[in-house]
Amino acid sequence: MSEIILEENEYMGDDGLLHCAVCGEAKEQLLDPKFHHLLGRDRHYRHCKCERDAAEAEAAEREARRHRAEVDRLRSVCFTDKSMWEWTFENDNGKNPKMELAREYVERWEDRYRKNQGLLLWGGVGTGKSFFAGCIANGLIEKEIPVRMTNFAEILNDLMGSYEGRNEYVRHLTNNYSLLIIDDLGMERNTEFALEQVYNVIDSRWRAKKPLIVTTNLSIEQIQNAQDMPHGRIYDRLGEMCVPIRIHGKSMRAEKAKQNMESFRQLV
Ligand SMILES: [Zn+2]
C-alpha cells in the first residue's frame, strides 16, 4: 500500500482507517474483499460528522436564502406600498385584542382555505383594520402563500385602462392568489360600472371557492340593509364568504397623534 499522507486533523486509527481528529469518526470504510481487485482498492472515503454537519449547515443556509428571496418576491407582488411589509405581528402594539383572530387565521390557514372562509373586518376609521389584514398577508407570505392586498379604487383604475383585458385581469386576481384582500370597500366610486366590477371580482372569488378578506368603514347594519340591488348583491356574496369581525381597537392614528402631542408638550 502506498504511503498515506495525513492531513491536519487526521490520524490513523488502530483499525487501520483514517480518522478525523475533531469528531473521532472514521473517514474511510473498508470495501467488501471481493471488490478489492475489481476496484483496485480496499476502502472508500466516507464523510465524518464534521463534514456531514458542515454540508447540512450549508444546505440550511441555502434554503434560508431561497426562502427570504421568495418572501420578498411575494411581498412585492402583494403590496403596492413597501411600508406594508412592516405590518407584521412582531410590529403589533398589542392594543387590539382582536389581533388574536388574525394570528389564528394564519395558523389555521389550510382549514380556512379549504372551507373558503374569509373575513369581513368592519369598524371605524383608523381602528387598525388594514393593519390587521396586512398582518395576515405577511403571516401567510412567510409560509410562501401567494396573497394580494389591494383596494377597489386600484382595481377600478386598472380595469378602466383596458376593456379587452378585463376578464383576464379578474381571472388573474382570482386564480393567482390563494388569498385576496380588498381594503376599504365602500370607498370606491359609486357608479354602476364600479359596482358591477366590484361584484365581478367578489363573485369570481366566490365561484372559484377561494377566500377573500375585506375591510370596510361601513357598519354591519349598513351591510345587512343594503340601500339598493347593486349593493345588495355585493353584500350578499360577502355574507356567504366572510365571517364579520368588528375591529374597534384604539385608533392607531389617534394614538400616534397623542404621542406627537405629548412629545410636543415636553418640548415647550
Ligand atoms: Zn470530523
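FYI, it's all coordinate maths here, none of it is from the lab. What you are looking at is a predicted structure, and each value in this text was computed from that prediction instead of being measured. Cβ coordinates were reconstructed from backbone atoms using ideal geometry, including for glycine residues, and neighbour counts include every protein chain displayed.
Can you tell me which of 180-187, 143-150 comes out highest on packing, and rank the rest after it, using the mean Cβ neighbours within 10 Å?
Working: 180-187: 21.1, 143-150: 18.6.
Result, highest mean first: 180-187, 143-150.
Annotation: aspartates and glutamates with alpha-carbon distance below 17 angstrom to LYS34 (same-chain offsets under eight excluded): ASP42. Residues whose amide H falls under 5 Å from that of ASN151, counting only those 5 or more places apart or on a different chain, are ASP183, with hydrogens built in the peptide plane. The magnitude of the dipole of the chain, with charges of +1 and -1 set on the Cβ of Lys/Arg and Asp/Glu and taken from the Cα centre, is near 1280 debye. The calculated FRET efficiency for VAL71 paired with GLU51, based on their beta-carbon distance and R0 = 22 Å, is about 0.10. Applying the Kirkwood pairwise sum to the alpha-carbon positions of the chain produces a hydrodynamic radius of 22.9 angstrom. What do you get for GluC sites (Glu not before Pro) in region 14-60 restricted to DSSP loop and a cutoff of at most 16 other Cβ within 10 Å of the site's Cβ? Those satisfying the criteria are GLU25.
Positive-end ranking of LEU31, MET229, LEU120 along the dipole of the chain, with charges on Cβ about the Cα centre, is headed by MET229. Of all aspartates and glutamates in the structure, those lying under 18 Å Cα to Cα from LYS98, and not within fewer than 8 positions of it along the same chain, are GLU90, GLU107, ASP183, GLU255. DSSP beta bridges confined to the chain are antiparallel in about 30 percent of cases. For the residues LEU121, LEU179, LEU38, a GNM of the chain with alpha-carbon springs under 10 Å puts the largest fluctuation on LEU38. By the Cβ-Cβ criterion of under 4.7 Å, the unpaired cysteines of the chain are CYS23, CYS50, CYS78, CYS135, CYS242.
For VAL243, the residues 5 or more places off, or on other chains, whose built amide H falls under 5 Å of its own are GLY118, LEU119, LEU120.
If you add up the charges near THR216, with Lys and Arg at +1 and Asp and Glu at -1, over every other residue whose beta carbon is less than 14 angstrom from its beta carbon, what do you get? Charge balance near THR216 sits at -1. For region 77-192, the ratio of Cα radius of gyration to the globular rule of thumb 2.2 N^0.38 Å stands at 1.11. As an exercise, identify the chymotrypsin sites (Phe, Trp or Tyr not before Pro) in region 10-108 lying in DSSP coil whose Cβ has no more than 11 other Cβ atoms within 10 Å. Passing both the DSSP loop test and the Cβ count: no residue.
Entry note, the chain: the mean residue ellipticity at 222 nm calculated from DSSP H runs of n ≥ 4, each adding -39500 (n - 2.57), is -16000 deg cm²/dmol after division by the residues and rounding to the nearest 500.
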